[in-house]
């Protein structure tokens, strides 16, 4: 299990989304940590964007992430930009890899739009 201090902004991690309700994502799936390192040091919670391997479900603001040695994803995935969630550390089982700078730049731009910053 991952503990506070083990994660950093941009890490790709395994997250247990269950129990889920309604349209929430289910099961264990990868996600990207979007919370700042400063907030990760202070909080017992972690904010993420969920990933999906179902490329056919890619929508307007979603970001395609190609599998690479850096992110260690098994296959190309989609960052589901509308699915921003915050979870307790107990839902995180393993760090997989890191999202590249281009991907994190796109996420940052989307977050400014999403939160009207």
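Below is a table of values for the structure above.
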{"quantity": "Residue in segment 75-89 that is touching a residue at least 60 places away in the same chain (Cβ under 8 Å) and more than 13 Å from the chain's Cα centre (by Cα) present", "calculated": "yes"}
{"quantity": "Residue ID - surrounded by the most Cβ atoms within 10 Å (Cβ to Cβ), chosen from residues in segment 107-117 that are within 13 Å of the chain's Cα centre (by Cα) and touching a residue at least 24 places away in the same chain (Cβ under 8 Å)", "calculated": "107"}
{"quantity": "Residue satisfying all of: in segment 66-83; touching a strand residue (DSSP E or B) at 6+ places or on another chain (Cβ under 6 Å) and closer than 19 Å to residue 35 by Cβ; surrounded by the most Cβ atoms within 10 Å (Cβ to Cβ) among these", "calculated": "79"}
{"quantity": "Residue count for segment 86-103, restricted to those that are in a helix (DSSP H, G or I) and either surrounded by 17 or more Cβ atoms within 10 Å (Cβ to Cβ) or touching a strand residue (DSSP E or B) at 6+ places or on another chain (Cβ under 6 Å) (or both)", "calculated": "3"}
{"quantity": "Whichever residue in segment 5-49 is over 21 Å from residue 104 (Cβ atoms), touching a helix residue (DSSP H, G or I) at 6+ places or on another chain (Cβ under 8 Å) and in contact (Cβ under 8 Å) with a residue 60 or more places away in the chain and, among such residues, is surrounded by the most Cβ atoms within 10 Å (Cβ to Cβ)", "calculated": "17"}
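Since every read-out is calculated from the coordinates, none of them should be taken as a lab result. Just so it is clear, the model here is predicted, and its values are computed rather than measured. Ideal geometry is used to build each Cβ from the backbone, glycine not excepted, and the neighbour counts take in all protein chains shown.
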